[in-house]
Amino acid sequence: MAIDVSHIDKRFGDFVALDDVTVEIADGSLTALLGPSGGGKSTLLRVIAGLEQPDSGTVTINGNDATKLPPQRRNVGFVFQHYAAFKHMSVFRNVAFGLEIRKRPKREIKQRVQELLELVHLEAFADRLPSQLSGGQRQRMALARALAVQPNVLLLDEPFGALDAQVRKELRVWLRRLHDEVHVTTVFVTHDQEEAMDVADEIVVMAGGRIEQIGSPDELYERPANDFVMSFLGPVTRLNGRLVRPHDLELLASAAPGAVEASVVRVVRLGFEVRVELLVNGSDVWVQVTRDSSERLELHSGSTVYVRASETAIRPAVPSIATPAASG
Amino acid sequence: MPPAPRPGSAPGQRTRAGAGTALGLGFATLYMSIIVLLPLSAIVWKAHQAGWSGFWADVTTPEAWSTMKLTILLSIAVALTNIVMGTLIAWVLVRDSFPGKRVMDVLIDLPFALPTIVAGLVLLTLYGPTSPIHVTLAYTRPGVFVALLFVTLPFCVRTVQPVLIELDRDMEEAAASLGASRITIFRRIVLPNLMPAILAGGALSFARALSEYGSTVLISGNIPFKTQVASVHIFNQIENDNVTGAAAVATVLLGVSLIVLLAIGVIQRWSVRR
């Protein structure tokens with residue numbers, strides 16, 4: 001294991017940022033720490049980097065106990081949301097910084113920085129100041145700077161959080177490709193489930209300072225451990241008190257086993273898909289159906305349909321405690 | 001990849017200076033001229049009433065020469081001390097937390113807010129011939145130095161403090177994770193970013209020390225060739241009806257201030273480019 005975090009606790013005053021967090025991150029993997037803000041994911045990343053000291057627990061990096069090591073001696077690359085560019089230094093000198101600290105020969109530094117700038121497509125900007133770069137370029141510079149010292153692990157704290165949607169998507173794809181090229185164990189923090197599903201091999205879902213579930217994007221989507229994970233990773237609705245994905249609900253024209261009667265409140269067409277809002281036993285449910293089936297059922301507000309979860313419907317492993325005696 | 005935007009290269013940005021801007025510029029220039037340039041020109045003109053040779057004779061009298069040398073050297077020493085101590089105090093105020101921090105923060109401005117003659121009286125009481133702590137600095141050069149430090153204390157603190165508050169802590173953490181020691185982080189990351197503010201504070205301290213009158217007039221004793229500072233010398237010349245002599249020394253001080261301000265401007269640009 002590249003990173004082994006074991007029973008970490010961290011409080012800021014009364015606020016519990018991390019509550020007995022244990023996670024292993026495999027060598028060469030690309031892992032996302034996913035969760036709502038304030039869920040402890042950034043704190044965990046900073047604990048791994050040594051920028052934050054845990055109250056208890058241990059951090060092992062590449063088999064060495066790093067818990068007491070200062071950030072300087074952990075050999076981790078850290079990329080910040082707001083780039084943390086050394087704004088008084090040129091792009092070249094930003095990237096060279098870690099190598100200069102290590103007192104590498106000038107020729108080697110020059111060559112290595114040149115390679116890295118090519119890797120992040122900034123070779124033409126070596127003499128610019130960070131203020132003369134766009135946000136996306138600054139973040140790529142920060143990445144090159146972190147990679148320059150050949151870190152054991154690369155940690156990225158909401159790396160695309162400050163960028164606009166278009167650049168975000170570009171950089172996402174680019175990070176995935178970069179990782180396939182460089183193979184350094186990478187952990188990034190995000191609150192965007194789409195970003196996590198798109199980029200990561202492995203996702204660690206965190207909320208309230210605790211780990212909710214760890215798994216591949218597919219595992220998390222198909223076998224969510226609980227209501228929280230299920231609702232965080234995709235759209236959900238509640239039928240008879242149980243969470244279900246809106247596209248896992250079937251609408252039927254007539255009564256059938258397991259189906260309950262519902263009245264249509266509203267039919268919203270969103271291109272190919274149709275969003276049908278229902279009232280079932282006094283509570284709101286929404287269903288995602290195709291345009292075809294909407295037309296076949298002649299859905300319009302006021303009509304009566306029967307609704308049930310499909311046999312293959314995804315359910316959380318642990319249903320919510322508030323579930324009343326419900327049908328499946 | 002699209003090319004990075006160059007600062008200030010937006011098309012048409014500079015050509016769009018409208019009538020409002022021109023009017024504003026006109027007023028600003030007129031105001032500056034009346035308040036600053038006109039009196040300064042008057043002094044320079046006065047100093048040259050007796051021609052270059054008269055001017056030269058006025059500034060090279062042994063007394064004028066000595067007083068200017070003392071004032072300029074003291075001002076340099078004051079600026080350098082403030083650069084170190086002011087930065088240190090600003091650092092402590094921003095980065096550390098300790099009991100009495102708010103009190104300290106308020107106290108910093110006191111020497112500046114105090115009427116300077118009161119500051120002089122305070123120092124004379126403490127360091128005068130009847131010093132309660134038995135340290136007599138009155139009528140000595142160290143006494144003048146202390147008085148100048150007293151009144152210039154806030155300059156570096158107050159220029160560095162806001163920059164330090166705004167300084168991106170992520171930069172320091174990034175440097176730490178790249179392996180930089182605390183000293184290296186301070187030297188290579190923090191200090192270059194503070195440098196413009198430190199230099200500005202140093203320049204203000206220098207200018208203030210060069211012109212200081214009230215706080216030094218009591219403690220210095222105004223002993224010619226020993227503790228007499230330039231502003232006191234100028235005052236004495238006027239009292240003795242030697243207006244051109246006073247204007248000559250004043251012109252030299254003006255020139256020195258101007259050179260220091262220009263030099264600091266150049267250094268600031270250079271340090272930003274580097």
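The values are calculated or read from the model by the stated rules, or taken from the named source; none is laboratory data. This one's a predicted model, so the numbers in the text were calculated from it and none came from an experiment. Counting neighbours? That spans all protein chains shown, and the Cβs are built from the backbone with ideal geometry, glycine included. When the accessible area is computed, the model is the full protein with side chains, heavy atoms only, and any ligands, DNA or RNA have been set aside. Shrake-Rupley method; radii C 1.70, N 1.55, O 1.52, S 1.80 Å.
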Spot the failing condition for A:Q53; the list is (1) within 21 Å of A:T186 (Cβ to Cβ); (2) within 24 Å of the chain's Cα centre (by Cα), and only one is missed. (1)
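For (1) surrounded by 20 or more Cβ atoms within 10 Å (Cβ to Cβ); (2) modelled with pLDDT of 90 or more; (3) under 28 Å from B:V151 (Cα atoms), each residue gets a yes or a no:
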{"site": "B:A50", "(1), (2), (3)": "no, no, no"}
{"site": "B:G54", "(1), (2), (3)": "no, no, no"}
{"site": "B:T67", "(1), (2), (3)": "yes, yes, yes"}
{"site": "B:V84", "(1), (2), (3)": "no, yes, yes"}
A:L34 passes all but one of the listed conditions (1) within 14 Å of another protein chain (Cβ to nearest Cβ); (2) open to solvent by less than 10 Å² (accessible area, probe 1.4 Å); the exception is number (1)
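Quick check on this structure: which one of A:I211, A:I203 is under 27 Å from the mean Cα position of the chain (by Cα), open to solvent by less than 30 Å² (accessible area, probe 1.4 Å) and among the hydrophobic types (A, V, I, L, M, F, W, C)?
When all the criteria are applied, what remains is A:I203.
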Any idea which residue in segment A:108-156 is farthest from the chain's Cα centre (by Cα), counting only those that are of a type in the set (D, E) and assigned to a helix (DSSP H, G or I)? A:E108
Which numbered condition in (1) free of Cβ contacts under 8 Å to residues at least 60 places away in the same chain; (2) within 14 Å of chain A (Cβ to nearest Cβ); (3) touching a Ser or Thr at 6+ places or on another chain (Cβ under 8 Å) is the only one that B:V190 fails? (3)
Of all residues in segment A:181-191, which are open to solvent by 40 Å² or more (accessible area, probe 1.4 Å) and under 18 Å from A:D157 (Cβ atoms)? A:H191
Let me confirm something: among B:V36, B:V44, B:V59, which residue is in contact (Cβ under 8 Å) with a residue 24 or more places away in the chain and farther than 30 Å from B:T140 by Cα? B:V44
Can you tell me which of B:L73, B:L37, B:L93, B:L23 is open to solvent by 90 Å² or more (accessible area, probe 1.4 Å), at pLDDT 90 or above and part of a helix (DSSP H, G or I)? B:L73
With the requirement that a residue be open to solvent by less than 50 Å² (accessible area, probe 1.4 Å), modelled with pLDDT under 90 and outside any loop (DSSP other than H, G, I, E, B), what does segment A:290-308 give you? A:S293, A:S294
Note: among B:F145, B:F98, B:F150, B:F112, just one is among the aromatic types (F, W, Y), over 21 Å from B:K226 (Cα atoms), within 18 Å of the chain's Cα centre (by Cα) and more than 14 Å from every other protein chain (Cβ to nearest Cβ), namely B:F112
Single residue of segment A:86-109 satisfying the filter (free of Cβ contacts under 8 Å to residues at least 12 places away in the same chain and away from chain B (no Cβ under 11 Å)) that is nearest to B:W270 (Cα to Cα): A:K106
Residues being farther than 20 Å from A:R315 by Cβ, in contact with a Leu (Cβ under 7 Å, 6 or more places away or on another chain) and either among the small types (G, A, S) or open to solvent by less than 60 Å² (accessible area, probe 1.4 Å) (or both) - total across segment A:239-289: 5
If you scan segment B:153-168, which residues turn out to be over 30 Å from B:G214 (Cα atoms) and either of a type outside the set (D, E, K, R) or within 9 Å of chain A (Cβ to nearest Cβ) (or both)? B:V163, B:L164, B:I165, B:L167, B:D168
